[in-house]
Amino acid sequence: MNNRAQKIINGIIAAPFLLLGAALVVALLYLVYCEVNKAYWDSKVREWCEKDGGVVVFEKVELTKNEFKNLGGNQYGQIPLSVEKLTKHDYPYYSEYKDILLHKGVPSVYRYESTVFRKSDRKPLGMMINYGRGGGDFPTGILHPSHFGCADLKTIRFDIEKQIFIAKGE
C-alpha cells in the first residue's frame with residue numbers, strides 16, 4: 001500500500017474521533033454557557049427578592065376568633081382567598097394575581113404579585129411579591145428544569161394571610 005493510501009485510511013479512521021472530540025468540546029462550552037446564564041439570572045432574582053420580595057401589609061385586620069373561623073380560617077392562621085369573580089357574594093375579602101414576564105426565553109423569569117383586597121371599599125390590604133427563574137439548564141432530556149425564586153431565600157416570608165388577618169380574643 002502506498003503512502004497516500006495509508007494517509008487516506010488513517011484520515012478515515014481518525015475522522016470520527018475528531019468529530020466526537022469537537023462535539024464534546026461544543027457540548028462542554030454549551031454546558032458552561034447554561035450554568036453561567038443560570039447563575040446570572042439567579043443573581044438578578046436574588047437581588048430583586050432582597051429589594052422588594054415578600055409581603056407588604058397596608059392594613060392589618062383584627063378578627064375575633066369566631067369571625068376568623070366563619071371565614072374559614074385554619075390552625076395555620078390562614079383564611080381562604082379567591083379571585084373576586086370566584087368569591088362568594090357575602091365574603092368580605094378577595095385577591096388578585098399577576099404574573100409578569102421579565103425574561104422570555106431560556107430561562108424564563110417572572111415577577112408574581114398577589115394582592116389582598118377588602119371587597120366593601122376595594123382597598124388593598126397587603127401585597128406579596130415573588131420572583132422566579134425556571135429552566136436554563138443543560139438539556140439532558142431526562143431531568144426536570146431547575147428553578148430558583150424568593151422562596152429559596154429563607155429570610156423572606158410569604159404568609160400574607162397570617163400577616164394581614166389577626167385572630168384576637170373571642
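The values are calculated or read from the model by the stated rules, or taken from the named source; none is laboratory data. Quick caveat: nothing in here was measured; it's all calculated off a predicted structure. Note that we place each Cβ from the backbone using ideal geometry, even for glycine, and neighbour counts take in every protein chain shown.
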| remark: Taking segment 32-66 and keeping residues under 22 Å from the mean Cα position of the chain (by Cα), surrounded by 12 or more Cβ atoms within 10 Å (Cβ to Cβ) and under 27 Å from Pro124 (Cβ atoms) leaves Lys44, Val45, Arg46, Trp48, Cys49, Glu50, Asp52, Gly53, Gly54, Val55, Val56, Val57
| said: So Gly53 passes all but one of these: (1) touching a residue at least 24 places away in the same chain (Cβ under 8 Å); (2) under 30 Å from Thr140 (Cα atoms). Which condition number does it fail? | reply: (2)
| task | Look through Glu67, Glu96, Glu62, Glu47 and report the one residue that is acidic (Asp, Glu), touching a Lys or Arg at 6+ places or on another chain (Cβ under 7 Å) and at pLDDT 85 or above. | result | Glu62
| So which pairs qualify, if the first residue must be in segment 65-86 and closer than 10 Å to Glu161 by Cα, the second must be surrounded by 13 or more Cβ atoms within 10 Å (Cβ to Cβ) and small (Gly, Ala, Ser), the Cβ gap must be under 7 Å, and the two must be at least 6 apart or on different chains? | Gly73/Ala167; Ile79/Gly73; Leu81/Ser95
| note | By residue number, the members of segment 114-141 that are under 21 Å from the mean Cα position of the chain (by Cα), assigned to a loop (DSSP other than H, G, I, E, B) and of a type outside the set (D, E, K, R) are Gly135, Gly136, Phe138, Pro139
| query | So which residues in segment 99-141 are small (Gly, Ala, Ser) and surrounded by fewer than 12 Cβ atoms within 10 Å (Cβ to Cβ), if there are any at all? | reply | Gly105, Ser120, Gly141
| If you go through segment 119-170 one residue at a time, how many are among the basic types (Lys, Arg) and without any contact (Cβ under 8 Å) to a residue 60 or more places away in the chain? | 3
